[in-house]
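The values are calculated or read from the model by the stated rules, or taken from the named source; none is laboratory data. None of the values given here were measured: they were computed from a predicted structure. Note that we place each Cβ from the backbone using ideal geometry, even for glycine, and neighbour counts take in every protein chain shown. Keep in mind that these areas ignore ligands, DNA and RNA; they rest on the heavy atoms of the full protein, side chains included. Shrake-Rupley method; radii C 1.70, N 1.55, O 1.52, S 1.80 Å.
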Amino acid sequence: MLRRKARRAQEDDDPLDAAQERRVRAVLALGGVPQADLPDGVQQVRLRLLERAASGKDAPRDVSAWAAVVASNLAMDWHRAKRRQERLGERLASLRQPEHLSGEDTRVLSLAVARGLDELPDAQRQVLVLRFYADLPVRSIADELGVPEGTVKSRLHTAVRALRARLHEDEVV
């Protein structure tokens, strides 16, 4: 009984009705988002609608159309993220298996890099990972972190120098 009341209260507060949710799912699916990720996509649309209302903006004239556009944008974002992950995977694979290093040398280098990253201050490690592992440009890193591009460049320079020193100190490179 309590569960039914809670579910009804939740449904009353739900910014998307059943038909709108089906439409959002369809747009996401047609956009190539896998079935397993559809519930997350629907939740993102709900969240954006709630954020819009919380910010004081008027509700969209046609919530169904607005939700479909947001779902379409989410599908494009999903594909961009997938491509970025694939590029990152390729880049990491090429770093993990250089042709001139043996398997043991590769493991030693990977371990030394991991230790070197652990020793870096958080801000330096963050920009280094975003730049070289996530393959983000300096401008994007600066925007995401809310710092000037020069700060990102400075942190990158310092982090690379420290990591290089660590690798030479450990006689890995």
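Details
- Positions within segment 13-26 being in a helix (DSSP H, G or I) and open to solvent by 40 Å² or more (accessible area, probe 1.4 Å), in sequence order: 13, 18, 19, 21, 22, 23, 25, 26
- Scan of segment 33-61 for residues that are more than 21 Å from the chain's Cα centre (by Cα) and in a loop (DSSP other than H, G, I, E, B), ordered by number: 55, 56, 57, 58, 59, 60, 61
- Residue match in segment 66-77 (condition: part of a helix (DSSP H, G or I) and at pLDDT below 85): no
- Subset of segment 138-173 [in a loop (DSSP other than H, G, I, E, B) and either open to solvent by less than 70 Å² (accessible area, probe 1.4 Å) or among the acidic types (Asp, Glu) (or both)]: 146, 147, 170, 171, 172
- Every listed requirement among (1) exposed (fewer than 15 other Cβ atoms within 10 Å of the Cβ); (2) at pLDDT below 85 is met by residue 120 save one, (1).
- All conditions in (1) modelled with pLDDT under 90; (2) farther than 30 Å from residue 129 by Cα; (3) not polar (S, T, N, Q) hold for residue 21, with the sole exception of (1).
- From the list 95, 88, 101, 109, the lone residue that is at pLDDT below 75 and outside any helix (DSSP H, G or I) is 101.
- For segment 65-94, the set of residues classified as closer than 25 Å to residue 25 by Cβ, of a type in the set (Gly, Ala, Ser) and surrounded by fewer than 14 Cβ atoms within 10 Å (Cβ to Cβ) consists of 65, 81, listed by residue number.
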